[in-house]
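Structure first, then comments.
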């Protein structure tokens, strides 16, 4: 992964995290502002992902993005919104991290 694609992954992750936070804010206080902001941020994140899919393939790009988002969104949910995970949910996150490590470290077929 080159520097540009790594930066794009970071920007798309930031857009998805902001979108998830806006979605949670909309869920707590429904309104047009939060809804439109959520949609705009998810759109930006997905447009960036199209480039990454082209460069790395759908499976690798979306898997990597999904696990990064999984970890980051849970950190936000736990620290900002005060949510909690059960032991089984925590195990699921750990297994997802292991899965993406296997996907990204495995040689290409």
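The values are calculated or read from the model by the stated rules, or taken from the named source; none is laboratory data. Note that the coordinates shown come from a computational prediction; the quantities given were computed from them, not determined experimentally. Because the Cβ atoms are built from the backbone with ideal geometry, glycine has one as well, and the counts that use them run over all protein chains shown.
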Does at least one position in the stretch 77-85 carry a residue that is crowded, with 16+ Cβ neighbours inside 10 Å, modelled with pLDDT under 95 and more than 16 Å from residue 6 (Cα to Cα)?
yes
So which residues in the stretch 9-36 are surrounded by 18 or more Cβ atoms within 10 Å (Cβ to Cβ) and under 20 Å from residue 57 (Cα atoms)?
9, 12, 13, 16
Name, by its number, the condition in (1) without any contact (Cβ under 8 Å) to a residue 40 or more places away in the chain; (2) within 15 Å of the chain's Cα centre (by Cα); (3) farther than 14 Å from residue 10 by Cα that does not hold for residue 49.
(3)
Select, from 44, 53, the only residue that is at pLDDT 90 or above and under 24 Å from residue 106 (Cα atoms).
53
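Answer with yes or no whether residue 33 is modelled with pLDDT of 90 or more and within 9 Å of the chain's Cα centre (by Cα).
On the way: modelled with pLDDT of 90 or more: yes; within 9 Å of the chain's Cα centre (by Cα): no.
No, not satisfied.
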Of the residues 105, 85, 62, which single one is over 17 Å from the mean Cα position of the chain (by Cα), free of Cβ contacts under 8 Å to residues at least 24 places away in the same chain and closer than 24 Å to residue 11 by Cα?
105
